Amino acid sequence: MFDTRVKVRGVAIVALAVLASGCSSIRDHRGYLVDPALTDSVQPGVDNRLSVERALGQPTFKSQFGRQTWYYVSIDTRQKPFSRPRTKNESIFKINFDPAGNVQSVERGGMEKVAQINPDGDKTLTLGRDRSFFEDLFGNIGQVGAVPGSTQGGSGPAGSGPNGS
């Protein structure tokens, strides 16, 4: 009898430990892994694109228009059970280059530049019709395969019409 109680308690403790581990928060890192020694080594007027790429690797993204700018983005998130991930820490390392490809300036940023948006929970009104589920589901029947501008209902292979044979 004493042995059975010990086994039951042991199983209960293990079960509670397994259940409690499912309630712990999940930590995740996305993006660039920041190494302060490497990011501090990038100096304006000294480095160029090649030296920056060798030191830091490929940027998270590059500017497409205007002044050549490289961004190294790092985001740490935490997610509690049954909820969405929340950003806990974010750092942006921005490197601006001159037209010759030399480092012009280096900027660091973080959560202070992130816009906090609280959308309204109500519906957003849109232009157009309010269609039902079945209209969405069956609304395109007969539209697939139709030739634009055709006066006849069907469409066939090229040259198979009355004038193309």
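The values are calculated or read from the model by the stated rules, or taken from the named source; none is laboratory data. Everything numeric here is computed off the predicted structure, so don't read it as measured data. Heads up, the Cβs are rebuilt from the backbone with ideal geometry, glycines too, and the neighbour counts pull from every protein chain shown.
When the stretch 54-113 is limited to residues that are in contact with a Phe, Trp or Tyr (Cβ under 8 Å, 6 or more places away or on another chain) and among the hydroxyl-bearing types (Ser, Thr, Tyr), the one that is farthest from Leu38 (Cα to Cα) turns out to be Ser63. Here the condition is being among the aliphatic types (A, V, I, L, M), surrounded by fewer than 15 Cβ atoms within 10 Å (Cβ to Cβ) and not in a loop (DSSP other than H, G, I, E, B); of Ala100, Ala12, it holds for Ala12 alone.
With respect to being surrounded by fewer than 10 Cβ atoms within 10 Å (Cβ to Cβ), of a type in the set (D, E, K, R), out of contact with any Cys (no Cβ under 6 Å at 6 or more places or on another chain) and within 30 Å of Ser24 (Cα to Cα), Glu112 fits the description. Within the stretch 73-87, residues that are farther than 14 Å from Ser24 by Cβ have Cβ atoms under 9 Å from residues that are in a strand (DSSP E or B) and small (Gly, Ala, Ser) in these pairs: Val73/Gly31; Val73/Ser91; Ser74/Gly31; Ser74/Ser91; Ile75/Gly31; Ile75/Ser91; Asp76/Ser91, counting only partners at least 6 apart in sequence or on another chain. Here Gly66 clears all of (1) within 16 Å of the chain's Cα centre (by Cα); (2) at positive phi except the condition numbered (1). Does Ser91 fit the bill of being under 22 Å from His29 (Cβ atoms), part of a loop (DSSP other than H, G, I, E, B) and modelled with pLDDT of 75 or more? When the stated conditions are applied, Ser91 does not pass them. Annotation: of all residues in the stretch 15-45 being modelled with pLDDT under 75 and hydrophobic (A, V, I, L, M, F, W, C), the one that is nearest to Phe61 (Cα to Cα) is Cys23.
Among the candidates Arg84, Arg54, Arg67, Arg78, which residue alone is assigned to a strand (DSSP E or B) and of a type outside the set (Gly, Ala, Ser)? Just one listed residue meets the conditions, Arg78.
When the stretch 23-48 is filtered for residues that are surrounded by 10 or more Cβ atoms within 10 Å (Cβ to Cβ), out of contact with any strand residue (DSSP E or B) (no Cβ under 6 Å at 6 or more places or on another chain) and in a helix (DSSP H, G or I), only Leu38 remains.
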